[in-house]
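See structure below.
The values are calculated or read from the model by the stated rules, or taken from the named source; none is laboratory data. Only a predicted model underlies this, so the values are computations on that prediction, with no experimental measurement involved. Please note: Cβ atoms are built from the backbone with ideal geometry, for glycine as well, and neighbour counts cover all protein chains shown. Accessible surface is based on the protein model in full, side chains and every heavy atom, while ligands, DNA and RNA are left aside. Shrake-Rupley method; radii C 1.70, N 1.55, O 1.52, S 1.80 Å.
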Amino acid sequence: MPDEITITKRRIEACAAQAHMNARNHGGDAATAAADIMCAFVLLSVKSGADPEKAKAAMWDHAKVVVANFWPAETLN
C-alpha cells in the first residue's frame with residue numbers, strides 16, 4: 001500500500017497533468033496550466049469562505065518546500 005507521501009505526490013502530479021493536458025487541448029501551454037491551477041486555488045478558497053490572500057500566504061512557503069522535497073531536480077514539460 002502506498003504511503004502518505006506517495007499518495008500526496010500522485011494527487012499533485014495528477015492535478016498538474018490534468019491542467020497541462022486541458023491547457024494544451026485549448027491552445028495553451030504550461031503557463032496557461034499554472035494560471036488555471038491558481039484560479040482553481042482562488043475558487044476553492046472563496047467557495048470555502050476563506051480569504052484568498054490569507055490562503056495564499058498560508059500555503060506559498062509550504063508549497064515551495066513540498067515541491068523542493070518531492071521534486072528537487074525535476075522539471076515538467
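Within the stretch 1-24, residues that are touching a residue at least 60 places away in the same chain (Cβ under 8 Å) have Cβ atoms under 6 Å from residues that are assigned to a helix (DSSP H, G or I) in these pairs: Lys9/Phe70, counting only partners at least 6 apart in sequence or on another chain. Taking every residue in the stretch 34-60 that is acidic (Asp, Glu) and pairing it with any residue that is open to solvent by less than 80 Å² (accessible area, probe 1.4 Å), at least 6 positions away or on another chain, the pairs with Cβ-Cβ distances below 6 Å are Asp36/Ala19.
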